[in-house]
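First up is the structure itself, then whatever we jot down about it.
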Amino acid sequence: MALAVASPSTSISGRTFSLSTPSSDLKAPSFGSFRVVGRAQGQIQSQAVTFSQRRSSVKPINAQSKLNESIVPLAATIVAPEPVENVEAEDFTQLAKGLENASPLEIMDKALEKFGNDIAIAFSGAEDVALIEYAHLTGRPYRVFSLDTGRLNPETYQFFDTVEKHYGIRIEYMFPDAVEVQALVRSKGLFSFYEDGHQECCRVRKVRPLRRALKGLRAWITGQRKDQSPGTRSEIPVVQVDPVFEGLDGGIGSLVKWNPVANVEGRDIWDFLRAMNVPVNSLHSKGYISIGCEPCTRSVLPGQHEREGRWWWEDAKAKECGLHKGNIKQEEGNQSNGNGAAHSNGTATETDIFTSKHLVTLNRTGIENLLRLENRHIPRIVVLYAPWCPFCQAMEGSYNELADKLAGSGVKVGKFRADGEQQEFAQNELQLGSFPTILFFPKHSSRPIKYPSEKRDVDSLMAFINALR
């Protein structure tokens, strides 16, 4: 256990905090159990987590005989508290609604208060260091764990060391099973994920170690934000029953997942980090926003969404490694688009994008006619897109600006929605690899030219067009 005992000098009120409040206002909780008041005895709603009535004490996680698969160590020994009997179930859906407008500091304090030593912060080595700062500000003891996949950037390992020294804690590292990693690498090589997807490697190096860690906890804290990945994280609540993983007691509903910064935008997180002089990963200064394993992470370019720096060779919708698999929803009656997320076949249920009055919307017949023309009199640039794709959304402003800029120039700007029923056609006939794909149809040439860069700002797109027209 990594305990960081801060000077308990912070009080919580609304969305602000004061550093001058007496230390007696925030006290460390009694670890091992909690009591929820205001609910009738025995009243358990269908969405509630059921906790058995038990006598509990703080023990090393790997000493739990019931689920000895967990191997998270304790970095310190603390005295077991007096147990609290008759622990009631709590409806975390209602709790999430009650905390919807709460500040991250309030949510963090509530999480640590309720679960004490049975909760830990999941730290990836990116801007989620804000979670550790919030925990530190509550004045309560807290634990931090991280998944060391063996493929992280050197800068991330250096950052882990900096964080430990800055907060005086020991991060509880989880490692993949050496036999599983050896079998994967020997059979498929070091970079198989570039060929057949990242899920298998992530399952071995991240998901299974996480599963072992969580089986020693009753709750965990993540740095998920709604704006990180509009395709998979846009509906995450501030607290929920974990839909995928199991906790210490085992079974569905045995683990609670806290997302204190769910409603906070990325720029506000960075304002907080700067204001509090929190150390950050040096990769951020090199253009990295979302940071994972070294082979699967790269810096992003102007006009790109932050998650586009992860698994960039795959389609855009479901960019999750499996740690937050519960975010990915399958809708009944819809077909998969091939990347784990379902969308109706060509039905425009999402709000459309690229709406400049100078943009031409092409249907299937229009794009087929454009393909058949061998002697075009007017060059065209066309984006193949899906309105749900966060990377398409990220370039909407620059593409609309491009259309306005090219109005009257002799170059037509168009768009073709290429998901659903049209995706197979676009892959076979229009060089669609992932969304967005940009094609230039030059004059006097039958074959379109695919834009090779991922720089989707106006100047880069204009340079591409000017080089070809």
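Using +1 at the C-beta of Lys and Arg and -1 at the C-beta of Asp and Glu, which of 171, 228, 96 has the Cα lying farthest in the positive direction of the dipole of the stretch 91-248?
171
Let me know the shape class of the stretch 360-405, please: from the alpha-carbon gyration tensor, a ≥ b ≥ c as square roots of the eigenvalues, rounded when a/c is under 1.5, otherwise prolate if a/b is greater than b/c, or oblate.
Numbers: a/c = 3.26, a/b = 1.62, b/c = 2.02.
In terms of gyration-tensor shape, oblate.
Shape call for the stretch 115-166 from the C-alpha gyration tensor, a ≥ b ≥ c root eigenvalues: rounded (a/c under 1.5), prolate (a/b greater than b/c) or oblate?
Since a/c reaches 1.5 and a/b is larger than b/c, the shape of the stretch 115-166 is classed as prolate.
From the Cα gyration tensor of the stretch 88-242, with a ≥ b ≥ c the square roots of its eigenvalues, which class applies: rounded if a/c is under 1.5, or else prolate if a/b is larger than b/c, or else oblate?
On the way: a/c = 1.95, a/b = 1.55, b/c = 1.26.
Prolate is the answer for the stretch 88-242, as a/c is 1.5 or above and a/b outweighs b/c.
Can you pick out the pairs among 97/257; 97/226; 286/455; 226/405 whose Cα atoms lie more than 22 Å from each other?
Numbers: 97/257 15 Å; 97/226 16 Å; 286/455 16 Å; 226/405 32 Å.
As for pairs spanning more than 22 Å Cα to Cα, those are 226/405.
Just to make sure I understand: if all protein chains stay in place, what is the order of 284, 198, 358 by accessible area at 1.4 Å, largest first? Intermediate results must be reported in sequence, preceding the final value.
Details: 284 30, 198 5, 358 75 Å².
Highest to lowest solvent-accessible surface, that is 358, 284, 198.
Below 8 Å, C-alpha to C-alpha, sequence gap of six or more: please give me the relative contact order for the stretch 403-469 in percent. Please report the intermediate quantities before stating the final value.
On the way: 33 pairs, mean separation 11.4, N = 67.
RCO, the stretch 403-469: 17 percent.
Please work out how much accessible surface residue 220 shows to a 1.4 Å probe, ignoring ligands, DNA and RNA, in Å² rounded to 10.
10
Heavy atoms of the protein only, probe of 1.4 Å, neighbouring chains included. What is the accessible area of residue 103 in Å², nearest 10?
Approximately 10 Å² for this residue.
By accessible area of protein heavy atoms, probe 1.4 Å, what ranking do 134, 157 get, highest first?
Output order, biggest surface exposure first: 157, 134.
For the full complex of protein chains and a 1.4 angstrom probe, list 186, 447, 456 by accessible area with the highest value first.
Working: 186 190, 447 155, 456 15 Å².
The ordering from most to least exposed comes out as 186, 447, 456.
Rg(Cα) of the stretch 167-259 divided by 2.2 N^0.38 Å? Before the final figure, lay out the partial values.
Working: Rg = 15.8 Å, N = 93, 2.2 N^0.38 = 12.3 Å.
Taking N as the residue count of the stretch 167-259, the ratio is 1.28.
Going by amide H atoms built from the backbone, whose H comes under 5 Å of the H on residue 256, apart from near neighbours?
For residue 256, the qualifying residues are 219, 220, 242.
The values are calculated or read from the model by the stated rules, or taken from the named source; none is laboratory data. If you're wondering where the values come from, they're calculated on a predicted model, not measured in any experiment. Neighbour counts run over all protein chains shown; Cβ positions are idealised from the backbone, glycine included. Remember, those area values only see protein heavy atoms, side chains included, never the ligands or the DNA or RNA. Shrake-Rupley method; radii C 1.70, N 1.55, O 1.52, S 1.80 Å.
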